[in-house]
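Peer 1: Okay, handing you the structure first.
The values are calculated or read from the model by the stated rules, or taken from the named source; none is laboratory data. Everything numeric here is computed off the predicted structure, so don't read it as measured data. Glycine also receives a Cβ, built like all others from the backbone with ideal geometry; neighbour counts cover every protein chain displayed.
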Amino acid sequence: MMEDQKKINEVDKFQRWLSGIPYEVAFWRSYYGNKKRRKDLFRWSQYNKPCALDNFDIDAYVAGLETSEPKLLDVGCALSYMFGNIINGKPMTVNYVDPLAPFYNKILRKYKIYRPEIKFGMIESLTGSYAPNSVDFIHVRNALDHCSDPFKGIILALVALKKGRVLYLNHFRNEAENESYRGFHQFNITEKDGDFILWNKDAELNVTKLCKEFADTVTTVTPEGRIVSVITKHEDVPVRLYNAEELAMQMTADMMATVEYFHKFGNSASYQTKRLASTIGHRAMRLMPYSILNKIKRLAGKQ
């Protein structure tokens, strides 16, 4: 009975995530569709620039690896390209990975943006795309709190990493609260007494303590208030937390949940309505000054 309830909860979480796709895609369509904002984004983008990460020396880290061609992932990358691909003065190959890759690549093609295409992948099933113990570094920025199961994402990222390798997380504090739990914003990330915490209205997880058996976690806060966590894998992830057969079954269940979700007329109609409303809303927001936009967000959060 408890196992059946767990499966139901997994499907519910995944379907809630599916319902957030229109909001996220509309955000990037509106951003790339506005020339001024697009120029701003390209100025902020780190693509073809030296990689510089908050509270972590990526140059020293990569220089200490035994390979000249490390496997580097930017997971949940969206279209910001915030992971610089020049390390120690040398251009590196970066795998840009996101579950909305088909939508994002279409945007890149529409606006003739000549940057690496994004590979499809979900952090919660990362070993479906990258074999266990095969990756040298995983960068996740402003994305872990957008996925359907952040803790599972951390576990699967650590499974994909080689021993001694790093999962680097950099996020705004309590983004779901700041965004009033709209769209993909269903989880908060914060730091308490040096520990990395995931939480929402339903639960709170101390990631530092839950992972200490197989990973060392160092969590700091930048002067701007961003939460940075450097998680270094030192042992294989226990099988009680990761099971290849269960993962394969979960991926099948997620596919079926997607098919069933969009097969229902109400869900399909709601998806298209949200897509239209989000597109109009985001494009309207792009015309507003940041000061007014932030006031509107604060007011929405109080309701």
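Peer 1: Looking at F137, F103 in this structure, which one is assigned to a helix (DSSP H, G or I) and more than 12 Å from the chain's Cα centre (by Cα)?
Peer 2: On the way: F137 fails: assigned to a helix (DSSP H, G or I).
Selected residue: F103, the only one of F137, F103 that is assigned to a helix (DSSP H, G or I) and more than 12 Å from the chain's Cα centre (by Cα).
Peer 1: So which residues in region 186-203 are loosely packed, with under 12 Cβ neighbours inside 10 Å and either modelled with pLDDT under 95 or in contact with a strand residue (DSSP E or B) (Cβ under 8 Å, 6 or more places away or on another chain) (or both), if there are any at all? Let's see the steps before the verdict.
Peer 2: Of region 186-203, the ones loosely packed, with under 12 Cβ neighbours inside 10 Å are 193-194, 201-203.
Correct list: G194, K201, D202, A203.
Peer 1: Does L65 satisfy the condition of being in contact (Cβ under 8 Å) with a residue 24 or more places away in the chain and closer than 24 Å to H146 by Cα?
Peer 2: Details: in contact (Cβ under 8 Å) with a residue 24 or more places away in the chain: yes; closer than 24 Å to H146 by Cα: no.
So L65 fails the test.
Peer 1: Can you tell me which of D236, D216, D254 is farther than 23 Å from V25 by Cβ, among the acidic types (D, E) and touching a residue at least 60 places away in the same chain (Cβ under 8 Å)?
Peer 2: Going through D236, D216, D254 in turn, just one is farther than 23 Å from V25 by Cβ, among the acidic types (D, E) and touching a residue at least 60 places away in the same chain (Cβ under 8 Å): D236.
Peer 1: If you check every pair at least six apart or on different chains, which have Cβ atoms under 6 Å apart with a residue in region 28-49 that is without any contact (Cβ under 8 Å) to a residue 60 or more places away in the chain and within 22 Å of M92 (Cβ to Cβ) first and a residue that is among the polar types (S, T, N, Q) and not in a helix (DSSP H, G or I) second?
Peer 2: Correct list of pairs: empty, since none qualify.
Peer 1: Only residues in region 178-204 that are free of Cβ contacts under 8 Å to residues at least 40 places away in the same chain count as the first member; pair them with residues that are among the small types (G, A, S) and in a strand (DSSP E or B), Cβ under 9 angstrom, at least 6 apart or cross-chain, and list the lot.
Peer 2: Partner pairs satisfying both residue conditions: E191/S229; F196/S229.
Peer 1: Here are some residues: N55, N95. Which one is at positive phi, surrounded by 12 or more Cβ atoms within 10 Å (Cβ to Cβ), under 22 Å from the mean Cα position of the chain (by Cα) and of a type outside the set (F, W, Y)? Explain how you work it out, then say what you get.
Peer 2: Details: N95 fails: at positive phi.
So the residue among N55, N95 that is at positive phi, surrounded by 12 or more Cβ atoms within 10 Å (Cβ to Cβ), under 22 Å from the mean Cα position of the chain (by Cα) and of a type outside the set (F, W, Y) is N55.
Peer 1: To continue, here is another question. State which residue is farthest from E117 (Cα to Cα) when the search covers only region 68-91 and only residues that are crowded, with 19+ Cβ neighbours inside 10 Å and without any contact (Cβ under 8 Å) to a residue 40 or more places away in the chain.
Peer 2: The selected residue is I87.
Peer 1: From the residues in region 141-181 that are touching a His at 6+ places or on another chain (Cβ under 9 Å) and assigned to a loop (DSSP other than H, G, I, E, B), which one is modelled with the lowest pLDDT?
Peer 2: Filtering region 141-181 for residues that are touching a His at 6+ places or on another chain (Cβ under 9 Å) and assigned to a loop (DSSP other than H, G, I, E, B), the one modelled with the lowest pLDDT comes out as E179.
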